[in-house]
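The values are calculated or read from the model by the stated rules, or taken from the named source; none is laboratory data. This structure is a prediction, so every number in the text was calculated from the model and none was measured. As a convention, Cβ positions derive from the backbone with ideal geometry for all residues, glycine included, and neighbour counts pool all protein chains shown. Each accessible area value is taken on the protein alone, full model and side chains, heavy atoms only, with ligands, DNA and RNA left out. Shrake-Rupley method; radii C 1.70, N 1.55, O 1.52, S 1.80 Å.
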Amino acid sequence: MPLYQLTVNNKSLKVEADEDTPLLWVLRDHLNLAGTKYGCGVGQCGACTVHLDGKATRSCLLPISALKAEVTTIEGLSENGDHPVQQAWKEHDVPQCGYCQAGQMMTAASLLKQNPHPSDAEIKEAMNGNICRCGTYLRINQAVKTASKP
Amino acid sequence: MDKGNMKRREFFKISSVAGGGLLLGFSWMTSCKQAKVKAPAAVAEALEMPKQWYEMNAYLKIGENGVVTIYSQNPEIGQNVKTSMPMIVAEELDVDWKNVLVEQAGLNSKAFERQVAGGSQSIRQGWETLRKAGATARQMLITAAASQWEVDPKDCYTENGLIIGPEQKRLSYGDVASAAAELEVPEEVQLKDPKDFKIIGQGKGNVDIDGIITGKPLFGLDTKREGMLYACVVRPPAFGQKLDSFEDSEARKLTGVKDVIRFGDKIAVLADSTYSAMKACRFIEPKYEQDKPAESSIDHDKELKALLEKPATEHKRNDGNTDKAFKEADQVVTRVYEAPFLPHNCLEPMNFFADATGEKVIMHGPIQTPAWARSRAAKILERDESEIEVSMTRMGGGFGRRLYGDFSDEAVEISSLAKAPVQLVFSREDDMTAGTYRPASKYKLEAAIKDDKIVGYRMREAAINRNMFDAIAHFFPAGAIPNLQVSVMKHDSNISTGAWRAPYTNFLAFAEQSFFDELAEIMEVDEVQLRMDLLEQAKEPAEKDEKIEYSPARMQDCIRLVADKAGWGKKGASVHQGISAYYSHNTHVAEVAEVEILDGVPTVKKVYCAVDCGIVINPKGAINQIEGGIIDGIGHAMYGDFSFDKGKPSASNFHSYRLIRNQEAPDIEVYFVKSNIAPTGLGEPSLPPAGGAVANALYKATGKRFYKQPFVKETSILG
Ligand code: FES
Ligand code: FES
């Protein structure tokens, strides 16, 4: 099995895995970073969203052999759970089951990095790729709005 | 009189449980301690962990420093009971919520009466018991303090974790917890007057929030145990098929694959990682043979339609003389409404951990019905239930799917065959194609109108596999119309079906509330007025009829409130409003949906919702549930499309199955009818009315009536 060198949450790590193993499963099974979720495996739900060099990306579709960027997962979004997005998620008590929320927050954090003050329509558009089966969309949008305030 | 709450259960045997608990402790408590169930980070930081815990009863323990741990007995599927149930205990215990930690209790049928997530019943059925659990402990703490002071307990009271005695003597709960834990459990305890509630009625955040926002492994799929293998299963691709033989040599060659095992008509692949197991499944070459009929939805449609026309074999309710009423009517209105199968699609696919290799069988994972899972596991393994420990994780959604423990059965069986601890994982495709689906159904609704009144009503249900629960036949309009008949027919199928969030009513409410809208139009009365009039007529009959659970007066209050908040009939011509009101799971709900035409597309912009669920335990969580139910209801009414062709499901993943997304969710405003009546649940009740409210608003916007879900399949105008 090939050995891969990768940077996850600012740490340099080595992983042995089949080359077609999606980053999602490397994170979850090999690196014990289970915060990144599996929802569909085909790029449709956004539960597996991580940052590659700061940009939101689906980790379920990316084979480990094709990984060229630094990875940030929900566990590394902030040191103490105090990223503005995390704080806003708490303030608005967004989750129901909570399963989709890591992916939602990673998408939101990436949006705010590129566009610190998105309009309501821009928020909805950016968040549209992330399914929340429990239907917490309204709170998600409110939380993104709150996190976007200076 | 609120009949929904009349059949109170007797107070459970907390005394005996608590008495035993003090001395014996419970196995699950020990296991909780070992597993070091982590407190939410923020709370853990703020609270000094006690050196010693004193178990007051099965629901709570108190540390020498006054910190309280409350065990949440019911499975948490996103309905937020892990926050709201402990709030009830904490209220009656009279502690500061800041000093409370919450832990998920494992399955313990001796200590807890009902460890189920289903039917929106956790709060309603837990209410009295949870209050008494808190109040009993509080009483014991008072008694312990009073005896230390040598005063009469009657001269003492509590305040936020303190016992206050004569001359302003004070002791904290922590000071007397060890003495209190030794006391006899009082039989009778004084409960708080609802007007003194300090925690109930306040919005409290989700107790797992810190874990969720930092990606802690809270869910079943996150389970990792020493020596564990991952198992994925190859199941027959179509209902009615059975496994003949299979070839697994290619699969076995793949890295990480440890074993391939046949069990029944399924093949388990065991590997050292999830991906290896999933991938290896694709390299298995199974051969199937047709065992039972290969059923198709097209044929179900014909069958169900035929059943709507056959003479009824079973009446669920039969008032007056419907034949006569229909014969003498000025006008008869008949409409048929049609629902497809639906998969649940919990975002966390089914999974379960089982270790059947040791002295104790360990089962751990996301399940709404842990006690059933244990009893089936006992049968599968031919072991005694007492040798099986079940604990529940937080669940990535339930919606009814996790009532059915086919996955926990599989995990147990595979673990026992493979002689290894096993984490069973469904891929999304497994989850969607090996489901326990909402059964397809059709309803024929008929009304007899005479002298501008609805004098007769018939409802016929034709459904796959099972018919509506008896109680539903006595929902509205029972009592409102003198000649009324509810009859049911079913068609047996080998497709596995079961409860899906708000079973039966999730579609029936749409059918009924669309039908009454059309009747209002035909009778030329306002839709809100027609409902209010019918409910008025239902008041007297509902008082007399034991079987009628809903309260016409409470429903009228909801309708009045929602009509007021939505400005019913007062919006300009560009806002098209539709109303729907439905009682289910002991909660009354009325909704007004607003549709506007945006860029030529009718769009659901806003939903107003009024709810009477009695006392609202946690408004924050309550509103979240209600919003979610409405969005779920709209999503499935608009887009939910699932069928079978020769036993094979029509969709297998989210590219071929459409779920509602962020941009499609309307704004929602939620209002509660103020009430001091005992609380009822909210996991389901806001869903059933949503489809009807939207359909009625869409009709006003477009002139098109909807009789079939999903709506997007009925017209191209919805985009
Ligand atoms: S799991 Fe990657 S998009 Fe769904
Ligand atoms: S909170 Fe359950 S899927 Fe989003």
Review point. How many residues does the stretch B:323-371 contain that are of a type in the set (Asp, Glu) and open to solvent by less than 20 Å² (accessible area, probe 1.4 Å)?
Key: 1
Exercise for review: Those residues that are away from ligand 2 (no atom under 12 Å from the Cβ) and either within 7 Å of chain B (Cβ to nearest Cβ) or closer than 16 Å to B:Ile631 by Cβ (or both), I need them from the stretch A:84-117; list them, please.
Suggested key: A:Gln86, A:Lys90, A:His92
Exercise for review: Taking A:Ala88 as the residue in question, decide whether it is more than 16 Å from ligand 1 (Cβ to nearest atom) and buried (at least 24 other Cβ atoms within 10 Å of the Cβ).
Suggested key: yes
Revision key, fill the gap. Among residues of the stretch B:186-218 being in contact (Cβ under 8 Å) with a residue 24 or more places away in the chain and in contact with a Phe, Trp or Tyr (Cβ under 7 Å, 6 or more places away or on another chain), the residue most open to solvent (accessible area, probe 1.4 Å) is B:Lys204
Check your understanding: Where residues in the stretch B:156-176 are small (Gly, Ala, Ser) and out of contact with any helix residue (DSSP H, G or I) (no Cβ under 7 Å at 6 or more places or on another chain), which of them is surrounded by the fewest Cβ atoms within 10 Å (Cβ to Cβ)?
Key -> B:Ser172
Check your understanding: Just a yes or no: is a residue in the stretch A:100-122 within 16 Å of ligand 1 (Cβ to nearest atom) and among the hydroxyl-bearing types (Ser, Thr, Tyr)?
Key -> yes
Check your understanding: Scanning for something over 22 Å from B:Val81 (Cα atoms) and within 16 Å of ligand 2 (Cβ to nearest atom), does the stretch B:374-382 turn up at least one residue?
Key -> no
Point to revise | Yes/no for B:Glu226 being away from every other protein chain (no Cβ under 14 Å) and open to solvent by 20 Å² or more (accessible area, probe 1.4 Å) | key: no
**Study point:** Meets criteria (more than 25 Å from B:Gly211 (Cβ to Cβ), in contact with a Lys or Arg (Cβ under 7 Å, 6 or more places away or on another chain), touching a residue at least 24 places away in the same chain (Cβ under 8 Å) and open to solvent by 10 Å² or more (accessible area, probe 1.4 Å)) for B:Glu128
**Key:** yes
Revision key, fill the gap. Being free of Cβ contacts under 8 Å to residues at least 12 places away in the same chain and in the same structural domain as B:Ser574 (by TED's automatic domain parsing) narrows B:Lys674, B:Lys620, B:Lys700, B:Lys648 down to just B:Lys674
Check your understanding: Taking the stated definitions as given, is A:Asn141 free of Cβ contacts under 8 Å to residues at least 12 places away in the same chain and either away from ligand 1 (no atom under 15 Å from the Cβ) or open to solvent by 10 Å² or more (accessible area, probe 1.4 Å) (or both)?
Key -> no
Revision key, fill the gap. The condition from (1) within 16 Å of ligand 2 (Cβ to nearest atom); (2) in contact with a strand residue (DSSP E or B) (Cβ under 6 Å, 6 or more places away or on another chain); (3) hydrophobic (A, V, I, L, M, F, W, C); (4) assigned by TED's automatic domain parsing to the domain that holds A:Leu33 that A:Ala47 misses is numbered (2)
Exercise for review: State which residue is farthest from the other protein chains (Cβ to nearest Cβ) when the search covers only the stretch A:124-145 and only residues that are more than 24 Å from A:Gly41 (Cα to Cα) and away from ligand 2 (no atom under 14 Å from the Cβ).
Suggested key: A:Lys145
Revision key, fill the gap. Output for Cβ contacts, cut-off 7 Å, separation at least six or different chains, first residue more than 13 Å from A:Gly39 (Cβ to Cβ) and free of Cβ contacts under 8 Å to residues at least 40 places away in the same chain in the stretch A:93-115, second within 13 Å of ligand 2 (Cβ to nearest atom) and of a type in the set (Phe, Trp, Tyr), reads A:Met105/A:Trp89
Review point. Strands (runs of 3 or more DSSP E) wholly in the stretch B:246-322 with at least 3 residues that are within 14 Å of chain A (Cβ to nearest Cβ) and surrounded by 18 or more Cβ atoms within 10 Å (Cβ to Cβ) - which ones?
Key: none
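Condition check ((1) β-branched (Val, Ile, Thr); (2) open to solvent by less than 10 Å² (accessible area, probe 1.4 Å)) across all residues:
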residue: B:Pro482; (1), (2): no, no
residue: B:Val488; (1), (2): yes, yes
residue: B:Pro503; (1), (2): no, no
residue: B:Glu540; (1), (2): no, no
residue: B:Gln556; (1), (2): no, yes
residue: B:Arg560; (1), (2): no, no
